[in-house]
Structures are given as C-alpha cells and as structure tokens.
1. Applying the selection to the stretch 171-192, what residues are free of Cβ contacts under 8 Å to residues at least 24 places away in the same chain, of a type in the set (A, V, I, L, M) and in contact with a strand residue (DSSP E or B) (Cβ under 9 Å, 6 or more places away or on another chain)?
2. Identify the single condition in (1) within 20 Å of the chain's Cα centre (by Cα); (2) at pLDDT 95 or above; (3) not hydrophobic (A, V, I, L, M, F, W, C) that residue 47 does not satisfy, given that it satisfies every other one.
3. Could you tell me how many of the residues in the stretch 62-114 are farther than 28 Å from residue 44 by Cβ and out of contact with any helix residue (DSSP H, G or I) (no Cβ under 9 Å at 6 or more places or on another chain)?
4. So which of 44, 49 ends up being crowded, with 16+ Cβ neighbours inside 10 Å, closer than 18 Å to residue 132 by Cβ and not small (Gly, Ala, Ser)?
5. Any residue in the stretch 64-90 that is in contact (Cβ under 8 Å) with a residue 40 or more places away in the chain sitting within a Cβ distance under 6 Å of a residue that is part of a loop (DSSP other than H, G, I, E, B)? List the pairs, counting only those 6 or more apart or interchain.
6. Which of the residues that make up the stretch 180-204 are under 16 Å from the mean Cα position of the chain (by Cα) and in a loop (DSSP other than H, G, I, E, B)?
7. If you check 129, 115, 133, which single one turns out to be of a type in the set (Gly, Ala, Ser), farther than 25 Å from residue 179 by Cβ and modelled with pLDDT of 95 or more?
Amino acid sequence: MSRSLLAVLLVLLAACSSPDAAAPAATASPTPAPPASGPPRSPLFDQALHDELLAMAERDQSGRTGGADLEGDDPRTTRLAAILDEHGWPTFDLVGEDGEDAAWLIAQHSDQDPALQRRALELLRPVVAAGQASPGNLAYLEDRVAVGAGRPQLYGTQVGCGPGGPAPATPIADEAAVDERRAAAGLEPLADYLAEMAEICAGE
C-alpha cells in the first residue's frame, strides 16, 4: 500500500476541513505493525525508543478513530521534542522504518506547536537525504508546515472535503510540476490521490 493511500485512510474520520481552511486537513496515517521478519537491526537500534514511538502513534490513531486517548497531542509533542533534543530525527537505523513513521505521525499532528513542526522538518530533511528517513514523510511534513503558515504547498498532500469534493487546503505551488515532485518523494500522481480522497469524501 502506498504512503499516500495509508495517509488517506484516516484523513477525514474525525472531521473534514473546508477547501479554503487555513489550518491543515486532519491527515493521519495508520502505524504499520513491525514486520515478523526482516533484515538484521542496526547496532544503533534502540528497541525501547522504537516501542515507545509505536505506542505513542497507536494512541494517536486511537483518539482519531473514536477510541481511547487519555493523553492527547500535547504530551506526545512534548515527548517528541525531548527525543529530538537527545537523538535528532529518529532514523531508520535508530528506530526502524515503522519507528520513523511513528515519529513523523506525531510531528504531523503537532499543529498546536508550529515551532516544533518546523524544527522537526529541518531535522528531517538531511536525514532523508542520507537515506535514513522516508521521502514521503518529508513531503507530507513540508506541506503540513506550509499549510499551517498559510503558504502554498509543494505536493498537494493536505486536502479537505468541500461541496465539490476534495480540494487542496492551500494552493499548490508550480502545480504543473507537482507530479514530478510527488514521484521523487515516492508518492502517487496527484489525480490518483484526489480520486482516493473523493471516495472518502463521498462517504462522509
């Protein structure tokens, strides 16, 4: 399943935002279960941090799908800030791909702390360039931060349901090249993403 489809699956379960809303759409991504088997872990792998991040992401998703989440976003944001202080961005080597996804999910949902999101973004960029984090996660966070600031987004990942179906939360910069940027980030074409979103909007 593609990163964009995973992100779509829960984007509007809590609420739909209007297409001209200044705040980002409530994009969420289910946290994948760790694989039963796979390549050997890096010597740098931190099992405790990995498990903590996955548990945090599980609570995040529970709260956004009608389940229990007694802590809410603020404590997770605070904890992520402490993790960034200690480790920088959690890399594949440090926490595995699922742990890196979980850290991204928490950053993505830290809208109440734009400074933390900007910091996470700055830390994530070089880690992606080094092959130690997901380019798709970077694309989503780039757009999240841009939309939160009311700026055009680069990848068109932040959308909401309006009367005419899904629409970007802010305009897409240089839209003619958006699919090229999306492909470089490992994302499907924008039209396919919006088609998936249209199915979700129709079910609301």
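The values are calculated or read from the model by the stated rules, or taken from the named source; none is laboratory data. Since we're looking at a predicted model, the values are computed, not measured. When we count neighbours, we look across all protein chains shown, and the Cβ atoms used for this are built from the backbone with ideal geometry, even at glycine.
1. Matches in the stretch 171-192: 172, 173.
2. Only one criterion is unmet by residue 47, namely (1).
3. So the answer is 5.
4. 49
5. Here the result reads 64/14; 64/28; 65/13, each pair linking the stretch 64-90 to a residue that is part of a loop (DSSP other than H, G, I, E, B).
6. Those that are under 16 Å from the mean Cα position of the chain (by Cα) and in a loop (DSSP other than H, G, I, E, B): 185, 186, 187, 188.
7. 115
Results for (1) within 18 Å of the chain's Cα centre (by Cα); (2) modelled with pLDDT of 95 or more; (3) of a type outside the set (Val, Ile, Thr), shown as yes or no for each residue.
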residue: 51; (1), (2), (3): no, yes, yes
residue: 55; (1), (2), (3): yes, yes, yes
residue: 67; (1), (2), (3): no, no, yes
residue: 72; (1), (2), (3): yes, no, yes
residue: 84; (1), (2), (3): yes, yes, yes
residue: 89; (1), (2), (3): yes, yes, yes
residue: 93; (1), (2), (3): no, yes, yes
residue: 106; (1), (2), (3): yes, yes, no
residue: 110; (1), (2), (3): yes, yes, yes
